[in-house]
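Participant: Take a look at the following structure, please.
The values are calculated or read from the model by the stated rules, or taken from the named source; none is laboratory data. Model, not experiment: these values are computed from the prediction. Using ideal geometry, Cβ is built from the backbone for each residue, glycine included, and neighbour counts are taken over all protein chains shown. Protein only, heavy atoms only, side chains kept; ligands, DNA and RNA dropped before computing areas. Shrake-Rupley method; radii C 1.70, N 1.55, O 1.52, S 1.80 Å.
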Amino acid sequence: TRSATVPQDLQELGGKVLRITRDGDPAPGNPSIPGARPEIYFVGVRNPQGIAFRPGSGDAFICEHGPNQDDEITRLVAGGNGGWNPNDGNGNYNGYTGALMSDPSIPNVVQPSFQVGDSQGMSGCDFLVGTQWQAWDGALLAGMLAGTRAIVVQLDAAGTGLSDDPTNVLDTAARIRGVVMGPDGAAYVIIDDDSGAIWRVTAE
């Protein structure tokens, strides 16, 4: 029952993005959401596995593992609501039988920047940075677990995907758990299998 109601319950920390200090206190400047705990920055998420900060603007984007319907990339808006509401109206969880990742019935729901239909298990993500990436400089690289690949998503200035068809890269049999840009300009990709490998990925 709690799984059905927690994402939209403002007194629960589950299903939220929190913004806190190193001491665990609510961060100064957090949004004032009526009825919400002060740690809460963003409401109504399912399973964000990655967060990335866009170079230049500093805007935060989460990469979210959905149910069997879809995965999403969403730009965080202070006090916003991602729309995950797996409540059938009677307190029962319906996350695998119809709940939308971004329920349009939620007032002022934040629309995702990008969606992947038929969930592929989106995981960690980061922005590619540097002219060595050529046309991908500033694009978001997101890993996939069940999808055993990574995708490159181009975003416009407002943070909306420029295409519904991302570029597939590292299309292998490996489950990709995490992605992070290194100080050397390469992307480091964490593989979720028995090898526990970390791949160093550079532009061709």
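Participant: Lys/Arg Cβ at +1, Asp/Glu Cβ at -1, dipole of the range 155-204 taken about the Cα centre: which of 159, 176, 198 is farthest positive-ward?
Facilitator: 198
Participant: While we're on this one: Taking the chain as a Gaussian network, Cα atoms linked when under 10 Å apart, which of 101, 181, 122 shows the biggest mean-square fluctuation?
Facilitator: Taking springs between Cα atoms under 10 Å, the residue moving most is 181.
Participant: Moving on to the next point. With the contact rule set at Cα under 8 Å and sequence spacing of 6 or more, what percent relative contact order holds for the range 16-105? Show your work: numbers first, answer last.
Facilitator: On the way: 162 pairs, mean separation 20.4, N = 90.
So the answer I get is 23 percent.
Participant: Considering the options 69, 40, 58, tell which one lies farthest towards the positive end of the dipole of the chain, charges being +1 on Lys and Arg and -1 on Asp and Glu at the Cβ, about the Cα centre.
Facilitator: So the residue furthest toward the plus end is 40.
Participant: What share of the DSSP beta bridges in the chain is antiparallel, in percent to the nearest 5?
Facilitator: Details: 40 of 42 bridges.
Antiparallel bridges: around 95 percent, rounded to the nearest 5.
Participant: Under the definition of Cα pairs under 8 Å and six or more residues apart, what whole-number percent is the relative contact order of the range 46-96? Please report the intermediate quantities before stating the final value.
Facilitator: Values: 66 pairs, mean separation 12.8, N = 51.
The value is 25 percent.
Participant: Assign one of three labels to the range 117-204, namely rounded, prolate or oblate, based on the Cα gyration tensor with a ≥ b ≥ c the square roots of its eigenvalues; rounded applies when a/c is under 1.5, prolate when it is not and a/b is larger than b/c, and oblate otherwise.
Facilitator: On the way: a/c = 2.11, a/b = 1.19, b/c = 1.78.
Oblate, because a/c is 1.5 or more while a/b does not exceed b/c.
Participant: With springs connecting C-alpha atoms under 10 Å apart, model the chain as a Gaussian network and identify which of 163, 57, 123 has the largest mean-square fluctuation.
Facilitator: Highest fluctuation of the listed residues: 57.
Participant: Continuing with the same structure: Using bins 10 angstrom wide from zero, how does P(r) for the range 74-162 break down, in % of all Cα pairs?
Facilitator: 15, 38, 33, 12, 2, 0
Participant: Here is a follow-up. Can you give the charge dipole size of the range 16-82 about its Cα centre, rounded to the nearest 20 debye, using +1 on the beta carbon of Lys and Arg and -1 on the beta carbon of Asp and Glu? The partial results should precede the final answer.
Facilitator: Details: 7 positive and 8 negative charges, 30 e Å.
Taking the Cα centre of the range 16-82 as origin, the dipole is about 140 debye.
Participant: Which of the peptides 29-36, 73-80 is most tightly packed, and how do the rest follow, judged by the mean count of other Cβ atoms within 10 Å per residue? Write down the numbers at each step before the final one.
Facilitator: On the way: 29-36: 12.2, 73-80: 20.1.
Ranking the peptides 29-36, 73-80 by packing returns 73-80, 29-36.
Participant: Which of 108, 68, 90 moves the most in a Gaussian network model of the chain with Cα springs under 10 Å?
Facilitator: Residue with maximal mean-square fluctuation among 108, 68, 90: 90.
Participant: Please report, as a whole percent, how much of the solvent-accessible surface of the range 8-126 comes from carbon and sulfur atoms (probe radius 1.4 Å). Write out the running numbers ahead of the final one.
Facilitator: Working: 2570 of 5550 Å².
Carbon and sulfur: 46 percent of the exposed surface of the range 8-126.
Participant: Sort the range 1-54 into rounded, prolate or oblate with this rule: let a ≥ b ≥ c be the square roots of the eigenvalues of the Cα gyration tensor; rounded if a/c is under 1.5, and if a/c is not under 1.5, prolate when a/b is larger than b/c, oblate otherwise.
Facilitator: Values: a/c = 1.97, a/b = 1.24, b/c = 1.59.
Taking the square roots of the gyration eigenvalues as a ≥ b ≥ c, the range 1-54 is oblate.
Participant: Go ahead and estimate [θ] at 222 nm for the chain from helices alone: -39,500 (n - 2.57) per DSSP H run with n ≥ 4, summed, over the residue count, rounded to 500.
Facilitator: On the way: 1 runs with 4 residues, N = 204.
It lands at -500 deg cm²/dmol.
Participant: Does the range 1-120 classify as rounded, prolate or oblate by the C-alpha gyration tensor (a ≥ b ≥ c root eigenvalues; a/c under 1.5 gives rounded; else a/b over b/c gives prolate, otherwise oblate)? Kindly include the intermediate steps, with their values, before the conclusion.
Facilitator: Values: a/c = 1.96, a/b = 1.23, b/c = 1.59.
Here the range 1-120 falls in the oblate category.
Participant: Remind me, relative contact order of the chain in percent, using alpha carbon pairs under 8 angstrom and six or more residues apart? Don't skip to the end; give the middle numbers.
Facilitator: Numbers: 514 pairs, mean separation 29.9, N = 204.
Contact order relative to length: 15 percent.
Participant: If you bin the C-alpha pair distances of the chain every 10 Å from 0, what whole percents do you get?
Facilitator: Going out from 0 Å in 10 Å bins, the chain shows 9, 34, 34, 20, 3, 0 percent.
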